Structure formats: C-alpha cells, structure tokens
1. Here are some conditions: (1) charged (D, E, K, R); (2) at pLDDT 90 or above; (3) under 27 Å from the mean Cα position of the chain (by Cα). A:Asp56 meets all but one. Which one does it not meet?
2. Find all pairs meeting these conditions: Cβ atoms under 8 angstrom apart; at least six residues apart or on different chains; first residue within segment B:39-50 and at negative phi and at the interface with chain A (Cβ under 7 Å from one of its Cβ atoms); second residue in a loop (DSSP other than H, G, I, E, B) and modelled with pLDDT of 80 or more.
3. Would you point out the residue of segment B:57-74, among those that are facing chain A (nearest Cβ under 10 Å) and without any contact (Cβ under 8 Å) to a residue 24 or more places away in the chain, that is nearest to B:Gly259 (Cα to Cα)?
4. Can you tell me which residue within segment A:378-417, out of those that are closer than 24 Å to B:Gly260 by Cα and among the polar types (S, T, N, Q), is farthest from the other protein chains (Cβ to nearest Cβ)?
5. Could you please let me know if B:Leu83 is away from chain A (no Cβ under 14 Å), surrounded by fewer than 19 Cβ atoms within 10 Å (Cβ to Cβ) and farther than 30 Å from A:Thr70 by Cα?
6. Looking at segment A:418-438, I want the residues that are without any contact (Cβ under 8 Å) to a residue 40 or more places away in the chain and within 8 Å of chain B (Cβ to nearest Cβ) and have a partner that is surrounded by 20 or more Cβ atoms within 10 Å (Cβ to Cβ) and outside any helix (DSSP H, G or I) with Cβ atoms under 6 Å, at least 6 apart or on another chain. Which pairs are those?
7. Of A:Asp244, A:Asp248, which residue is surrounded by fewer than 17 Cβ atoms within 10 Å (Cβ to Cβ), over 21 Å from the mean Cα position of the chain (by Cα) and within 12 Å of chain B (Cβ to nearest Cβ)?
Amino acid sequence: MALRQFGTAAAVAVSLAFAASPASAAIEIQWWHAMTGANNDVVNRLAEEFNASQSDYKVVPSYKGNYPDTMNAGIAAFRAGNAPHIMQVFEVGTATMMGATGAIKPVYQLMKDAGEPFDPKAYLPTITGYYSTSKGEMLSFPFNSSSMVMWINKDELKKAGVNDIPKTWPEVFEAAKKLKAAGHATCGFSNAWASWAHIEQFSAWHNVPIGTKANGLDGFDTVLKFNSPLHVKHLQNLVDLQKDKTYDYGGRTSTNEARFGSGECAIFLTSSGYYGTAKATAKFDFASAPMPYYPDVAGAPQNSIIGGASLWVMGGKKAEEYKGIAKFFTFLSDTGRQARLHQESGYLPITKAAYEKSIKDGFYEKNPVLQTPLKELTNKEPTENSRGLRFGNMVQMRDVWSEEIEAALAGKKTAKEALDTAVERGNAMLRTFEKTAK
Amino acid sequence: MEKSTVFNNRLLPYLLLFPQLVITVVFFYWPASQAIWQSFLREDAFGLVSEFVGFENYTGLFAQPEYYKSMLTTAIFSTLVALLSLSIALLFASQADKNLKAAGAYKTLMIWPYAVAPAVAGVLWFFMFQPSLGMLSRPLRGMGIDWNPLLNANHAMILVVMASVWKQISYNFLFFLAGLQSIPKSVIEASAIDGARPMRRFWTIVFPLLSPTTFFLLVVNIVYVFFDTFGIIDAVTGGGPAGATTTMVYKVYADGRLGGDLGGSAAQSVVLMVIVIALTAIQFRYVERKVQY
C-alpha cells in the first residue's frame, strides 16, 4: 500500500516536472494488445505511421500476452487505477467489457465528443453488429476480424474420388467416408474451436437462436436455446461418425490445426485467420469453402458470425487524450489503409469501402481464399440469430460447452443429455453474471 | 534458570523471529484473510460492483455436481501422483546409492527436471502425446492402442499424472538420496553379516530408518499435488475432456481467472485450504506416530 502511494507520488512529481517544461512532449496513448509474430509487426507499423503523420499524439503499443492474459492485465490495471487508453479484447470478452459501465468509454460517444467525422454505416454490419448495442451504437472499434471456413485439401479429395467440394453436411459426411476408405484412417474430417464451430457458427449459419434476446445482444437476461432438435441431430451425427473416426474431435482451441497442414485431415473447419499458417505449412493444393449446412433447414445458409478482437477505450481519461484516440480510429478507418491491412494480413476489412476497393483491385481473383469468409458474412441480411452473440462469462462458458460436447463424443452422455446439460450449466453462469452486471 | 540466561534481552528472541514472522504474515495470513473476506462478496471482474452476500458463494458451490466431481478427481489424482512419485523416486535413489561408475552424472540427470517450469513440463508432455502428431503417440497407435487424451478421460488422466510425477521425482529423489546416505553403513553391514538378503535389509533396516524423510516428503507431495499442479493441467488438458482432469485447484484457477468469478473462486480456495490443513493435521496426528526418528 505504502509502495503504491509512493509510486503515485513519484508519478505525479514526474508528470508535474514534464508539464512545467515548455517543450512538453506529445500526449501518449497506451495501447495494450495480444498480437504476436507478423500481427505484432502490423500493430507496431500502424502506431509508427500514425505517430509520423502528426505530432500532437503518440500511440505506444505494448504486448501483454495472449487474449485472456491481455484482458486480465487490463482489468487488474483498472482496479489499480492505471488502465491503458486502448485495450484489445477478443470477441468473447465483449459482454464482460460491456457490463463494466464506467470502466469503458463507448466508441460512438468518444467520436461524438471529439467531433471526429464518424458514420457507423460505413462499416460492415456483420462486423460492427457484434460490437454495437441493439440501437446500433458502436461500443468498441473492430480491429482484427475473421470468420470460420472449411479448409479443403484438394489433392487428397481428388485421390479419394470426391470431385466437387462438399457444400452440405451430408455431402461432407459422404466425402469423409470416401477419404477414410482412401487411407485417411484416423481422420475423415475435423475442426478446431469445438463450441465456436458446432454451437455458435452452426446456429447463426442455420438461422436458429443460441439464446433468447437476439443471442444476448438485447439484454443480459438471455436464456440459452441451443438444445433444439437440429442441434441434437447434428451432434448425434458427429457422435456416430466419431466411433470409426470418420469424424475426429479436434479440441477446444486451435492447437490441432496442424492436422490439416500435415495432410492427416483433408477437411478441416477453422478460422479464416488460419490462412497465413496454411500458406506457410501446407505442401498441397488447398482451398477454403463456406461452412456446410443441412439442406432441409429452411433458409440455410444464413450468414456467419465473426471472431477476432476489437479495441476498447477505457474510461476516466483526459479529454485531450480521448481526442487523440478518436483521431487514431479515424486514421485506422481510412479506405486505402484498411484495404492494405486486409490484403497484407488476411484480416477482414472493416469498412464497406475497403471491401469494394479490394474487389475493384482484382485482389480476390488472385486470392479467392480470402473472399470466402466475406461471402459468408455478407451472404444474407443478418437476423436476430445471426447478428452476433453476447453472453457474460463467455470465456469460461465455451469451456463448459466443449466439456459437454466431449462427454457426448466419448459416449458418456447422449447428444440430447449433453446439450441439455450445457444449456443448464450455461444458464446458471448467465444468471451469476446478470447479478454483477447491472 | 539456564534457559533464561541464553537471552538476557527480552526483545532479542522476538527480533530474531521477526523476519520469518513478517514473511508468514505477508505471504500467508494476509492473502488467506483476503481470500476469506472475498469469498463472502460478489464482485464483477472490474471491481465496480461489490456486494456482501454471506454464504451464497459457498451454497452455490456445493450445489454444483461438478464440484463434487472435481473433489473425486483430486482424490484420484493426488493419490496416484503422491504414490508414484514417492515410490519411483525411492527406487531410483536406492539404486543411485550403490557404488556406480557414473553416479555423479546419473544423479545430476535425475535432478534436472526439477528446474523445468510446470507449464513447460506440461507443453512438453502435451507434444509427446498429442494424438496425431506426438512422437510417442504414434508408436502407441501403431500398437493398436487408440490413444486419444482429447476424448478419453483415462488417457487424459494418465497423461497429467505422468507429467506431474515426472516433475516431482527429482525433488523426492534428492531427499531420499540424502536420507539413504545418512544411514550408518555399519548397521546395514551388521545385518548382512547376520545373513539378511538385500530385499530384507531394505525393508527391515533401511526403510524404517528412512521414515522421517518419507513422512516429510509425503506432506510436501500432498501440498504439491493440491496446489502446484494446475500449470501442468492447464498446459496438457485444460481440465478436459469433459472435466475429467479438472482438479480442485484447477477449478479455482478456471473460475477465477478465466471466468472472472472472484467470489466463487475465493470460496473454493478457502475450502481447499481447509482440506489441506485437515490432511496435514491428520498426517501429523496418525502417520507421524509410526515415524522413527
């Protein structure tokens, strides 16, 4: 305690000294993020370019570990009274951030206060919808977005006698059986991110609710609904195919993506952000295709939802600092810059103009793989079930859902029992969250 | 009379104890009391809303079937890890105590794994036994064993037990070796002259004389499996599949850090603390009686 007071006193003394000096430096904006490797370079380059473009503000990016680590670091810093200005938070942390009224500064408010030109309609609705209130007020600024696609090993499919890329789930099951017969004994098809694939994306793609209140977007008093007959049927299909490894479970996160790159699994559902790794590791002809659907479901496929992260602005900062953050966001939204970011990194563009520019540039003719997630996201006008999702405690809830999927696949529970329990346990967590987020 | 002459100054003994007491208070009593206080609160992750809820976190905890499951998992996990790491370390130590050519190198190699961080140990084992790419799971699959810790609860448990045991053997080995070397050679030689074979010598002479070390290690190992293994579990299985490797301490971590449920997590750590205190007390009350100092 005494140490912290000393620290504060020292900080005050130092800042006073700086304020007193006539040649006061640019206003610093702290940006905490979770990007590694090539993506870390993207972050640093953006900050450098912004800092070089003007002299009033200085964006200082710092890496704080993986997504949960960064979020926890930000929360701990907030509790200690020295939160960063901008914090990168993954999509499943959205509800937690939203629930923290007072800890955050909504982006639409920020832009209004700073008097920066800002038109929410300029952004792709399936991306901003995830980070906006039901009234369309944008709360955080989308940064890196991706969606789920089906990765295809074209060479192996051809060898197994599958001539067309499967479009529906029954076609995928058939193709997987042929692949298995053609030597893929341990894996016909698989996926990463179990709950994202088979609960979240699956529901949006088939236009069925994950939960009430537009999947939680319209209120924290949401109740989970993903134990419908369609969900049970799908999980049952996976359970049946798991028995002889026509389907082989690929875990809760992305750790088993290498099974696609190694050629073991020739059909693999995972993030469109896998593109960079696929390009670097896969020694075969690969493609990405839209996620499969059940053709007997009316209206399917609907549209997919996004994953990735957005930038949250923390509350309790000075007005001139907020002005700098607003300027930085305007800088990020620039069409040329967005198009370049998208084409170089494989992240989805966040503005409509950047998407259109990439089409005009003829970028997708050379890189059709990168257009698949965009086609999925813009497939149809989003509905209540496909705008996005916002559940409190989502980080841990995903683990709970995956646990139940695992129980079903291991034959410990029936598909129906597993999904019922997942819904029940999830609802209990939602009620706890509702009590704290008022 | 004699004792009071040791410390003429009445303050000096307290002064000498002071550093240790400060460490105990700062690193144990203070955080522990914080945990107890927090277990009666319901807070959001940011600490914006904080409400006193009495025993609600505890009643909520004991209403979860998953919590009882994690208790059972902990019982199985800790028994296996403590038993295996102690017995394997004893076997290795008794072999290393013999007159070997490369005893020094052998001992150094045995101690190395202790320097490895739990998360690193976890990742190491995770990669070796990753179902489709792991260098040790391929031969397993080749032998017709459908090795799959991603879905098979027993396989996942075997994996975390192996990783935790491997990590702890070094520590136990070190103490057993020191214990063995302090046993007077004359006692063992006397029994050898009386005609006792090596196995009999071990069980009737060495093992009883080693009992203080064994008892100490038992207590330390129980504390290790209860508190220190969540890093390994997090890296190897993430508590899965279907919660099969979610021990009590891993659940504390998952609910508090991943779930942001600080009150519920604090309640769990209080329960855990009570259990470990009780276990240690039982060990001192009943097991220690059989120890021959």
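1. A:Asp56 satisfies all of (1) charged (D, E, K, R); (2) at pLDDT 90 or above; (3) under 27 Å from the mean Cα position of the chain (by Cα) except (3).
2. B:Arg42/B:Val53; B:Asp44/A:Ala100; B:Ala45/A:Ala100; B:Phe46/A:Ala100; B:Phe46/A:Ala103; B:Leu48/A:Ala100; B:Leu48/A:Gly102; B:Leu48/A:Ala103
3. Across segment B:57-74, the extreme among qualifying residues is B:Gln64.
4. Per the criteria, the residue is A:Ser402.
5. In short, yes.
6. Hits for this filter: A:Met429/A:Asn393.
7. Only one candidate passes the filter, namely A:Asp244.
Conditions tested, residue by residue: (1) within 11 Å of chain A (Cβ to nearest Cβ); (2) at pLDDT 85 or above; (3) surrounded by 24 or more Cβ atoms within 10 Å (Cβ to Cβ); (4) part of a loop (DSSP other than H, G, I, E, B).
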site	(1), (2), (3), (4)
B:Ile222	no, yes, no, no
B:Ile233	no, yes, yes, no
B:Gly238	yes, no, no, yes
B:Ala244	yes, yes, yes, yes
B:Val252	no, yes, no, no
B:Arg257	yes, no, no, no
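The values are calculated or read from the model by the stated rules, or taken from the named source; none is laboratory data. Since we're looking at a predicted model, the values are computed, not measured. Every residue, glycine as well, gets a Cβ built from its backbone with ideal geometry; the counts of neighbours run over all protein chains shown.
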